[in-house]
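The values are calculated or read from the model by the stated rules, or taken from the named source; none is laboratory data. None of the values given here were measured: they were computed from a predicted structure. Here the Cβ positions follow ideal geometry from the backbone for every residue, glycine too, while neighbour counts run over all protein chains shown.
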Amino acid sequence: MDGNEITIINSQNYISILIIFAPLTINNSPLTIIPLTRIIEIHQITKTFAVGQEQVHALKGVNLVINKGEYVALMGPSGSGKSTLMNMLGCLDTPTSGTYILNGTDVSKMDDSELAEVRNKDIGFVFQTFNLMPRLTALGNVALPLVYAGKNKETREQRAIEVLKHVKLEDRMNHKPNELSGGQRQRVAIARALVNNPAIILADEPTGNLDTKTSMEIMALFEEIHQQGNTVILITHEEDIAKFAYRVVRLRDGVVESDEQNTNRSRLNAAVGGYTNR
Ligand code: ADP
Ligand code: MG
């Protein structure tokens, strides 16, 4: 393709893909522009639970678009629908109505076994309570999603070690969860979330069980993961934690109340590798 060409594909009133082809240069070095790819596209999602005779409308028409590589905090008071939305995003549940396109696939009408497959391939979960297997070592925990993905033992171990090095836990890989500190356990859980190269990392209150210093170490790790091009969605009710994200989406009463870029973002100087191995 010659010259500078901009291709805009319009679907459902949104600009889907913006690709700028070379040769754009700044100071004679090529300017790389990463195309915006929609990783999450949620349209008018509702979720209604039946409780006895009553209907509880947990989500009342949520719209949300998240592009590849974004780092978004999902906030809201208790009962606003965060967990319900997180369950949708993580393919743990399906909506009552509306559509959810994850990584180009409509997952809103999938059955349980199809959802399980998508979860294993496309989503890395990080939970407040770590959710590690107590009998497995750090290495065993991190390698586990690769068992489900059908990888052979050698590949599993190689990849698990690589990711454990990434979270600076290579010297603890033969330890079981009860031989690790809270921060180390959460780093094992983050390594496990990363091991399959998922489309999105979904973290539900990941610092909820950690002290402030350890929380900052974990947030530094999320920043690094984001810098490496991963899509990170962080569910939190803590303003101090949400401040590290680049975009903040607030829910209230089952709808998106606000959706803003975070202009006053907190930065961690220790962002790359600055956390300690406690
Ligand atoms: P949050 O995580 O923001 O605290 P939730 O998504 O857990 O909010 O809940 C949103 C609303 O939906 C609340 O009113 C809650 O009581 C209701 N709800 C959530 N899950 C269920 C369920 N499984 N059955 C019935 N009601 C539910
Ligand atoms: Mg909740």
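Structure notes:
- Unmet criterion (only one of (1) closer than 19 Å to THR129 by Cβ; (2) more than 15 Å from the chain's Cα centre (by Cα)) for LYS168: (1)
- Tabulated pairs, region 65-84, first surrounded by fewer than 22 Cβ atoms within 10 Å (Cβ to Cβ), second aromatic (Phe, Trp, Tyr), C-beta under 7 angstrom, 6+ apart or interchain: VAL65/TYR14; GLU70/TYR246
- Residue match in region 171-188 (condition: assigned to a helix (DSSP H, G or I), of a type in the set (A, V, I, L, M) and free of Cβ contacts under 8 Å to residues at least 24 places away in the same chain): no
- When THR105 is tested against the conditions (1) crowded, with 16+ Cβ neighbours inside 10 Å; (2) modelled with pLDDT under 95, the lone failure is (1).
- Subset of region 150-190 (residues that are under 20 Å from ASN120 (Cα atoms) and either surrounded by fewer than 15 Cβ atoms within 10 Å (Cβ to Cβ) or among the hydroxyl-bearing types (Ser, Thr, Tyr) (or both)): GLY150, ASN152, LYS153, GLU154, THR155, GLN158, GLU162
- Enumeration of residues in region 70-79 that are within 16 Å of ligand 2 (Cβ to nearest atom) and part of a loop (DSSP other than H, G, I, E, B): GLY76, PRO77, SER78, GLY79
- The set of residues from region 202-246 being in a loop (DSSP other than H, G, I, E, B) and within 16 Å of ligand 1 (Cβ to nearest atom) comprises GLU205, PRO206, GLY208, THR236, HIS237, GLU238.
- Qualifying positions in region 80-94 - among the hydrophobic types (A, V, I, L, M, F, W, C) and near ligand 2 (Cβ under 9 Å from one of its atoms): MET86
- Taking region 247-265 as the range and being in a loop (DSSP other than H, G, I, E, B) and either surrounded by fewer than 20 Cβ atoms within 10 Å (Cβ to Cβ) or under 13 Å from the mean Cα position of the chain (by Cα) (or both) as the test, the residues that pass are ASP253, ASN262, THR263, ASN264, ARG265.
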